[in-house]
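The values are calculated or read from the model by the stated rules, or taken from the named source; none is laboratory data. Fair warning: this is a prediction, and the values are worked out from it, not measured in the lab. So basically every Cβ, Gly included, is an ideal-geometry build from the backbone, and we count neighbours across all protein chains shown. These accessible areas exclude ligands, DNA and RNA; they are computed on the full protein's heavy atoms, side chains included. Shrake-Rupley method; radii C 1.70, N 1.55, O 1.52, S 1.80 Å.
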Amino acid sequence: MNAKFLIKTAGYLLMMGLCSCIHKIEYDALPFDGKILPRPTGYTSGVTDDWLYFNLRTGQVFNRKAPNQEIKEGEQLTRIDWDFAFCGYHIRTNSGTSGPGRGGAIDLGAGEYDRWQTVAQLPADAQWVVDTREIYVTYSQRDWAHYLSVNHLNFDDNPWFDPNKGPQQKRTSANQLLENTMSLSGPPMVYTPSYHTYVIRTADGKRYFKLQVVSWYNTYTEIDDTGGQLSYYIDELK
């Protein structure tokens, strides 16, 4: 039999075997059964303070379709009908400088999301972290242009993006502990989840939800440059 034919046949069979293995791995993979933000949030929407608010007690979502529709920036300070909020990877709880509630967060460490099932498991000496005005969010390009115009500053001397410092930042209120759900490196920017399990206390101080952020991207779509639609798990502790 022709030697070239044997080599080609062996190569073909090998490739078929590899393909079948890859297909089997994809087929056997467990589907993602967590939550995905209904839309990307943050400065890419054209609004600097683009917060998507959630009431964990009722399931209600505020600003689902666009920024500042049901809860405008500043209004959250007097409302107790929300428990936590996303702006990009930044997270607010209804506590401290973000709202009048009794919210806050604790870190239960890396992994072991399924281990935590009940409130009784939480550490008795847990130090709940409330929100502060120590978080920096990225200015949208539109808002930065408006800021420069109002303050009569030159656009060329004050670019929105600096190669050494990145985009312009603004200080705002959020939960400093929950900043650790995601780490950034680059450029190019790479968003890496910590896979820690956190617990968020609701605004009324009576219920507790565990949270784990698993991706900067919508896990149902192909990963590209349009991140910000986070995938995460959140479940109530009984």
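At-a-glance table
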quantity	calculated
Separation of the residue 97 and residue 207 label points, Cα + 7 Å toward Cβ, nm	2.9 nm
Extension gain (nm, one decimal) between residue 158 and residue 220, 0.36 nm per residue minus Cα-Cα	18.5 nm
Gain upon complete extension [residue 77, residue 112; 0.36 nm per residue less C-alpha separation]	9.2 nm
Cα shape, the stretch 161-237, gyration tensor, a/c 1.5 rule	oblate
Per-residue HN-Hα couplings for the stretch 198-212 [Karplus 6.51, -1.76, 1.60; θ = phi - 60°; Hz; x = Gly/Pro]	10, 10, 10, 8, 6, 4, 7, x, 10, 10, 9, 10, 8, 9, 9
Sequence-distant residues sharing a close amide H with residue 35 (under 5 Å, placed H)	232, 233, 234
Label-to-label distance, nm, for residues given as residue 134 and residue 122 (7 Å Cα→Cβ offset)	2.1 nm
Sequence of 134, 236 from largest to smallest accessible area, 1.4 Å probe	134, 236
For residue 211, distant residues with modelled amide H under 5 Å away	198, 199, 200
Gain upon complete extension [residue 171, residue 36; 0.36 nm per residue less C-alpha separation]	46.0 nm
Diffusion constant of the stretch 88-238 at 37 °C, which comes from Stokes-Einstein with the Kirkwood Cα-pair radius and 0.692 mPa s, µm²/s	190 µm²/s
Extent along principal axes [Cα atoms of the stretch 152-201; Å; largest to smallest]	45, 25, 9
By average C-beta atoms within 10 angstrom, highest first, the peptides 62-74, 142-154, 33-45, 200-212	200-212, 33-45, 62-74, 142-154
